[in-house]
Amino acid sequence: MARLTIFTYPAEVLRTKSRMVSAVDNEIGRLIDDMAETMYAAPGVGLAANQVGVLKRVVVIDVSYVDGEPNLIALVNPEIVECVGEAVNEEGCLSFPSIKEDIKRAACVAVRALDRDGRPVEIRADGLLATALQHEIDHLDGVSLIDKVSFLKRRMIHRQLSKDKSAG
Ligand code: ZN
């Protein structure tokens, strides 16, 4: 396994739509392993392939490792098939270091995907997992945290991250 570089805003890969994975092969298995290692090391609760510069529809999520046993969810070609309700939660993102924003999303979602063995799976989730699924699937469509906030907040985030960069 290898730790990958996480691209941060305003990297172009974060604005680029990822392609469908045609075959869940060893290469995808390796990508999942590397993404999981990178996510745990960061540490974070989710990571999309765009964030490590790979434009394939692959995400890894683990919302339980913070206070429990690791429980890795790796999804290939994930698709939201149902949304219910509304919830506002504070979100962070490994590509927006030090930024935390309240984001409105569906409270519950159903997601269809392939698992790391290429088998179809369906996940129904609420709470933190529902938020993480929507956040990571957004990444695959080139949508990130900054696209979900008001114009004013967007400018503040842009200014803060540009400043961080020039400060080294
Ligand atoms: Zn993110």
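Below, the figures for the structure above:
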read-out: Boolean, SER98 is among the hydroxyl-bearing types (Ser, Thr, Tyr) and open to solvent by 70 Å² or more (accessible area, probe 1.4 Å); value: yes
read-out: Residue count, segment 76-86 (criterion: open to solvent by less than 30 Å² (accessible area, probe 1.4 Å) and under 14 Å from ALA125 (Cα atoms)); value: 1
read-out: Matching residues in segment 22-74 - criterion: being of a type in the set (Lys, Arg) and either more than 16 Å from the chain's Cα centre (by Cα) or exposed (fewer than 12 other Cβ atoms within 10 Å of the Cβ) (or both); value: ARG30
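The values are calculated or read from the model by the stated rules, or taken from the named source; none is laboratory data. Treat the numbers as computed from the prediction; the structure is a model and nothing was measured. No Cβ is skipped: glycine too gets one built from the backbone with ideal geometry, and neighbour counts run over all protein chains shown. When the accessible area is computed, the model is the full protein with side chains, heavy atoms only, and any ligands, DNA or RNA have been set aside. Shrake-Rupley method; radii C 1.70, N 1.55, O 1.52, S 1.80 Å.
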